[in-house]
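Colleague: This structure is in C-alpha cells; I'll ask about it shortly.
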Amino acid sequence: MIVTKSWLNEWIDLSNITTENLCKTLNAIGLEVDSLTSCNVPKKIIFGRVLECKKHPDADKLNICQVDIGSSVRQIVCGASNVRAGLDVVVATIGAVMPSGLVIKPVKLRGVDSEGMICSASEIGLPDFCPGIMELDSSIGSFELGKELRSNFIFSDDVIEIELTANRGDCLSIYGIARDLSAAYDRPLRNHKRDEDDDNRKGIGRLLHVNHEKDLDVSLNYRVLELKNLRLPFIIKLRLAQIGEDKETDIDALLLYTTHMSGVILKAYNYAFFCEENDVIAKVNLKENENGFACIASRNIASIVGVKQEDISRVTYDEGTILLEASYIPPDIISKKMALTKLEAGPYYYRTSRGSEPDLCSGIADGLELIQAYSSSSVFSGSIGVGSGYDNTLISVTKQDVDETIGANISKVTIGKILKNLGFDMSRSSADSFVVGVPRYRHDIKNKQDIIEEIVRIVGIDNIPSKPFVFTEENKLEDDYFKYKKKSIFRHRAASCGFFESIHFVFDEKKILQKYGFVTIKEELELLNPIIQTLDTLRTTLMTGLLKAASLNVKSGYKQVKLFEVGSIFNENREESLKMAMLFSGDKEKESLQNAGKPQKVDFATFSQKVSDIIGAFDLRETTTTHSLSHIYQAAKIVVNGEVIGELFRVHPEVEKEYDIDATFICEIDFEKIPYTLKTAKKSSKYQSSNRDLSIIIPKDMKFETIKAVINNNASKELINFYPVDKYSDENLGDKVSLSLRFILQSEDKTLEEDDITSSMDAILNALDKELGIGLR
Amino acid sequence: MVTLLKEWYEKIKEAQSVDSLEEIRISVFGKKGVLAAEFAKMRIYTTDEEKAKIAKELNEHKSALMNEFTIRKITLQTLELQEAMKAEAIDVSLYSTSSQVGALHPVMETMDRIVEYFSSMNFAVKTGNMVEDDFNNFEALNLPKYHPARDMQDTFYFKDELLLRTHTSPVQIRTMMNTQPPIRMIAPGAVFRRDYDLTHTPMFHQVEGLLVDEAGKVSFANLKYILEDFLKYMFGDIQVRFRPSFFPFTEPSAEVDISCVFCKAKGCRVCSKTGWLEVLGCGIVDPNVFEAVKYKNVSGYAFGLGVERFAMLIHQIGDLRSLFEGDIKLLEQFQ
C-alpha cells in the first residue's frame, strides 16, 4: 500500500511531523514501512508561465517561448509538442543541477538563445506520468511564479510503501491509514465537508431502478451523472504514477484515485448497458448466479460483487451518462466463496477479500466532488442504496484483562482514549469495564484479544517494560532432548574426524532413486505438488544426495571430499527414520611433504577406520546391497553386538564414472542403533600380557570372518584379542595365501607361562585344522 | 708409576669419543689394564707398611682417574647427544599446516546454539514428524480452510491429503494434546514451503517456542523479556525493536527486529537502508488455539524464528541456496 505524506496530510495534519517520525510511528503501530522515497526537486527549479510561444524558424519540432519567471521574462527554446501560451510550467533556470547531473547553462538551440529548460516529469525526478512537459494547474495548490518547486508540498513529498498484514483491509486507503495515525498521534482527522445534495438537479428516481431478489449480504450505492469535459488534474496524474497505477479511461483513473484515497470500491458503468431497447430508465438487477455469487446485471452480467467488473459494462466514452456504483461485501463471505469456486479475480479482489471501506456514501461523495471539480459534468440528485443495516460488534474488556495480557499498568483514561481515537464506540462503557462497539471497517476485531492488541500497538510495544517470567523448577530433560544430544555428539565426532556436515533437502528425484534400485514412496502416498522434477519425491536414502555433492566438489577442484549427514529418510510407507551417512572420495590425505605431493587414494581400510573412529568398533560382514551403488566385491554390512546397523561399501566404478568422481566410499547407518550408553568398567588384569604371532595358510577365497568365528568358538578365556597383521601370497603358495595373525593372551590370576600359552594356541590350531583344514606355514 | 699414570690422565682428558673413552676404560680399569698391573706389582714389596703405602697411592690414583673418566664421559656424552640432535634438525616452518579437521554445518550449529540457550533457560526440547495432517498444521492454529492468511503459505501436499509441515507448530499442538499445562518448550526442526528462488528454499529450519501457564500469568512483557535476552545472546550488543503484526495463531502479535549487524544501524543494502533486520515473529497465543487443544483457563506466549536467517546473519552468508549443496568451499570456512 503506497501513500504519500502530502496525500495523508489532506486527511490528518502532519505539518509538524517529520518524515522520520512518521515512519517510526507507522512501524510502531504495525504498519510496516517497506521503503521510503523522497521527492527532492533540486534548487533553482521554479514555477513559470508561458506568455508566448512561436515555432522555431529553423527547426520543426522546436518552439521559442517567452516565459514569465516572476522576476523577469526569459526566452526558452522547448522541444515538447504540448508547449503553448498560457501554460503554467516547471522551469529549470540557469545554474540548476538536474537529478541526471546536467547543469543548466545558457545555450543556443539552432541559433536561438535559450536560457533555461521547461521540464518534463522525469527530468525533475518524478515518475513519468505525462508525455511532453508538465502542465501545472491549481490542483497543486497556490504557487507564485519564480518560487522554487521545493517550497510546494507536492514537490517535496515522500512516497512511503507500507506492507500491510492480511487482517488490515481497513488500511488499504489514505483515509484508513490517516485513521490509524489519528489514534497514534492522538489528533483528530481533518473535517471533510461534503456537498449536500442540490435539489435543483434532476432526481435519480426517474433514471434508475434497482431490483434485488433477496437479501444477498452486499451493500450498494448508486449515483447517475452526465459526464462532460473531464480533465484529470496534475495532482491526480502524479499520484496515480506514484502509486504505480494506470487506467485506460480518465473516469476509471479518477475512480481508482478515489478508491485509493477513501477505500470504497467504485465502479463506472455504461448507463445504456442497463437500459432495455427503447427504454430511458436503467434497470439494475442484483441477483445470485449459479455459484452463489452476488451479481449486478441487466440482460447480461455487468459485474460480480467483490470479484470483478465485466468489460462489456465499462465506460468507453468521454461524454455521456454514467452509472456510478459504490459496493461493499463482507470479506469473509467473498473469501469463502472464492476459496470454494475459484473464479478469475479482478484487480479489486485484493481489497474486497481483506475488507474494503463500508461507508459507501462518503466514498461516492468523494468521487463526485472530484468529478465536479475537474469536469463540467452534471450529477443527478439523490442516490439509491441497497443493503441491510449493521450493528456494531460489542466486545467487553476489563482493565484487568488488558493489564494481565500486556503485563503493564495501562490507565483507564489511556485505554478509553485509544479506543475512541480508533473510531470505536465507547458509549456503553462504565467505570469498571469497557464495552466496545467495533465499527464495520474493523472486521478483524472479533474478541477481547483483538481489542487488547489495538491498545498495546498504540501504546507502543517498545514502551512496555520487559518482565522476566516466574515459574516453578521442573526437570525438562526428556527423551527428545537426549535424542538431540546424541545427534550432536556424533556430529561433533564426525567433524573432528575430518568430515564436513552436509544438509540436503529431504526431497530427491524418483527417477534417480529407482535407477539405482532404491525403494521409493508408494504411489498413493506420493507428493501431489512437487516444486520441480528433480525434487519430486521424498528421499529414501542419504547416499544419492551425498554423491551429488561429491560430484559438485570435485568439479570445483577438491581432490579430497569428506562429507557426512545426519538426516531423515522415508521408507515406502513414508515412515520417517534417522540415518547417518559418510562419504569419502579421492585422496586419502592432503598433499604434503610426507607423501611427496602424491597422496594415495582412499581405500577400504582407511574409510572403515574413519567410520569406526566416529561411531565406535564394529564388525564387517560381506554383503550384497539391494541398490546398485556399490562395488560388488567391496560391500559390507556393519554389525554391532550381533545386530546389523548399516552398510559400508566402495562405490561401483560405473557410478563413480557417472558422477565424475574418483575412488569413493560410502556408509549409511541407522542412527538409533549406534550404541550410546553409559559404560561400566571391567576388571583388568595386573599381570603381563603375552603376544603370539601365527601365520596360517588359507585358500584365497576364504573369508576372515569364517576363521574368526572358529577361533572365537575355540579360544580360552586367556585370549583377549587377535587381529590380522599381514597377508602374503607368492607363486610358491599357488592359490593359497598366508595370513599372519597376532594373538594377545593375558590371565587375571597370574603371569601366563609358556605351557599355558602353548596349550591355548594349540587348541586354536587344532580347531582350525579340524573345521577348516587350515595349518601353519 | 706416576709418569705412566700421568699419561693416562692425559689420554682420558683428550678422549674424543665415548667409544674411544670406553677403550681407555678397559685399558685403565680392566682386568688386564694398567691399574691391575700396578696392583700386581705390589707383590715385590715385602713389608706391610710399604704395601699399604703403595696400595693407598694406587687407590688414590684409581679414584682420581675414575673421577676424570666420569667427567670426560659425561662431557663426551653431552657433546655426542648435541651432535645427534643437530643432525635431526628440521625446518619447522615447512610444517605450518592447515587443519584437516571437518566442520559442523553453520545452520545446524546455529540451531545447536539456539537449543542450548533455551534448554539452559529450562525449556524442554521436543521434536516431531515432518509429515503432518491439516488439523495439526493449520486448523488447530486458527487457520481455517478459506482464511486469506493461508495465502502466506504454499504447502506441499501428498496424494492422501497429508502434508509436509510448514512450521514446527504441529509439535506444539501435539504436545498440548498429550500433556497438561504448564508447558515450557521449543520445537526445532525442518519445515517445508513450496517456494524456490533466490531467497526461498523448499526446505529450511525453524525453532518455535511455547510457554503456557495459568490464566492471567503470561504477558507480553514476559515475552519481550525472554526474546530480548535471547537476541542479545545470539547477536551481541544490538538494539531490539518490536512491531505489531499479524499471525492467525497469536493475538497480540509482533515482529521483532534487531539493529542491522552489518552497518550498525546506519543503513545498508542488507537492511534495505532501514537499519533494522527482521528476525522473529511472536505473540500471545490466540484463545482459538487453546480451544482446539482443549486447554481451559490458561494464558501463553509463542515465538518462531528461521534458523537459516540467523545463520546467514551471524556468519554473513549471502546465498541461501548455497547452504544445501554440500559445497566444501562454504563448509570449510567453519572449521
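The values are calculated or read from the model by the stated rules, or taken from the named source; none is laboratory data. Just so we're clear, the structure is a prediction, and the values are computed from it rather than from any experiment. Glycine gets a Cβ as well: all are built from the backbone with ideal geometry, and neighbour counts include every protein chain shown. Only protein heavy atoms, including side chains, enter the accessible area calculation; ligands, DNA and RNA are left aside. Shrake-Rupley method; radii C 1.70, N 1.55, O 1.52, S 1.80 Å.
Colleague: For helix A:448-459, what angle does its Cα long axis make with the longest principal axis of chain A, in degrees from 0 to 90 and rounded to 10?
Modeller: Helix A:448-459 sits at roughly 80 degrees to that axis.
Colleague: If you don't mind, there's one more thing I want to ask. How big is the gap, in Å, between the Cα center of region A:108-177 and the Cα center of region A:300-359?
Modeller: First find each Cα centre; the distance between them is then 31 Å.
Colleague: Still on this structure: If you take the charge dipole of the protein assembly as shown about its Cα centre, with +1 on Lys and Arg Cβ and -1 on Asp and Glu Cβ, which of B:Y95, A:T321, B:G236 is farthest toward its positive end?
Modeller: The one lying farthest along the dipole's positive direction is B:Y95.
Colleague: A follow-up question, please. As an exercise, use a Förster radius of 22 Å and the Cβ-Cβ distance of A:D279 and A:E226 to find the FRET efficiency, rounded to the nearest 0.05.
Modeller: 0.80
Colleague: With a sphere of radius 12 Å drawn around the Cβ of B:Y196, what net charge do the other residues whose Cβ falls strictly inside it have (Lys, Arg +1; Asp, Glu -1)?
Modeller: 0
Colleague: State the Cα centre-to-centre distance between region A:448-507 and region A:372-409 in whole Å.
Modeller: After rounding, the separation between the Cα centres reads 41 Å.
Colleague: Excluding ligands and nucleic acids, what accessible area in Å² is computed for B:V101 using a 1.4 Å probe, to the nearest 10?
Modeller: Solvent-accessible area, nearest 10 Å²: 50 Å².
Colleague: Could you tell me the relative contact order of chain A? Use alpha-carbon pairs under 8 Å, at least six residues apart, and round to a whole percent.
Modeller: Contact order relative to length: 8 percent.
Colleague: Let me ask you something else. Give the peptides A:295-301, B:82-88 in descending order of average Cβ contacts within 10 Å, highest first.
Modeller: Descending packing order for the listed peptides: A:295-301, B:82-88.
Colleague: Okay, next question. If one takes the accessible area of chain A alone plus chain B alone and subtracts that of the pair, with a 1.4 Å probe, what total in Å², rounded to the nearest 100, results?
Modeller: 7600 Å²
Colleague: Using the 4.7 Å Cβ rule, please list in number order the cysteines from chain B without any candidate partner.
Modeller: B:C282, each lacking another Cys Cβ under 4.7 Å.
Colleague: Residues with beta-carbon under 13 Å from that of A:S592, excluding A:S592: net charge, scoring Lys, Arg +1 and Asp, Glu -1?
Modeller: +1
Colleague: With a 1.4 Å probe and all protein chains in place, put A:F618, B:F303 in order of accessible area, largest first.
Modeller: A:F618, B:F303
Colleague: Roughly what angle does helix B:169-178 make with the longest principal axis of chain B, taking Cα atoms, 0 to 90 degrees, to the nearest 10?
Modeller: Its long axis makes an angle of about 80 degrees.
Colleague: For the pair B:Y233 and A:D391, what calculated FRET efficiency results from E = 1/(1 + (r/R0)^6), where r is the Cβ-Cβ distance and R0 = 60 Å, to the nearest 0.05?
Modeller: 0.75
Colleague: What does the extension gain come out to for A:A241 and A:A59, with contour length at 0.36 nm per residue minus their alpha carbon separation?
Modeller: Answer, rounded to one decimal: 62.3 nm.
Colleague: If I ignore ligands, DNA and RNA and count only protein heavy atoms, how much of A:C361 is accessible to a 1.4 Å probe, in Å² to the nearest 10?
Modeller: A:C361 exposes around 80 Å² with every protein chain in place.
Colleague: Placing +1 at every Lys and Arg Cβ and -1 at every Asp and Glu Cβ, with all other atoms neutral, what dipole size does chain A have around its Cα centre, in debye to the nearest 20?
Modeller: Roughly 1240 debye, rounded to the nearest 20.
Colleague: Right, here's the next one. Skipping prolines and chain starts, which residues have an amide H placed within reach, meaning under 5 Å, of the one on B:T250, given they are 5 or more residues away or on another chain?
Modeller: Amide H to amide H, under 5 Å and 5 or more residues apart or across chains, B:T250 pairs with B:D286.
Colleague: Stretched out fully, how many nm does the piece from B:C263 to B:D133 gain, at 0.36 nm a residue minus the Cα gap?
Modeller: Full extension from B:C263 to B:D133 adds 42.5 nm.
Colleague: Further question: Which of the listed residues, A:L36, A:L14, A:I46, is farthest toward the dipole's positive end in region A:13-68, when Lys, Arg count +1 and Asp, Glu count -1 at the beta-carbon?
Modeller: Farthest towards the positive pole: A:I46.
Colleague: Seen from all sides and averaged, what is the projected area of the convex hull of the Cα atoms in region A:285-331, in nm²?
Modeller: In nm², the orientation-averaged hull projection of region A:285-331 is 3.9.
Colleague: Using a Förster distance of 41 Å, how high is the FRET efficiency between A:N571 and B:E116, based on the Cβ-Cβ distance and rounded to 0.05?
Modeller: Calculated transfer efficiency: 0.80.
Colleague: Given the protein chains as shown and a 1.4 Å probe, how many square angstrom of B:Y95 are accessible, to the nearest 10?
Modeller: 110 Å²
Colleague: Could you tell me the center-to-center distance, by alpha carbons, between region A:565-634 and region B:211-249 in angstrom?
Modeller: If we compute the Cα centre of each part, the gap is 45 Å.
Colleague: Let me ask another. To the nearest 10 degrees, how steeply does helix A:479-496 sit against the main Cα axis of chain A, on a 0 to 90 scale?
Modeller: Helix A:479-496 sits at roughly 70 degrees to that axis.
Colleague: Another question, then. At 0.36 nm per residue, and after removing the present C-alpha to C-alpha distance, how many nm does the segment from A:S15 to A:S81 gain when stretched out fully?
Modeller: 20.0 nm
Colleague: Could you work out the Rg to Rh ratio of region A:88-132, with Rh taken as the Kirkwood radius (inverse of the mean 1/r over all Cα pairs)?
Modeller: 0.99
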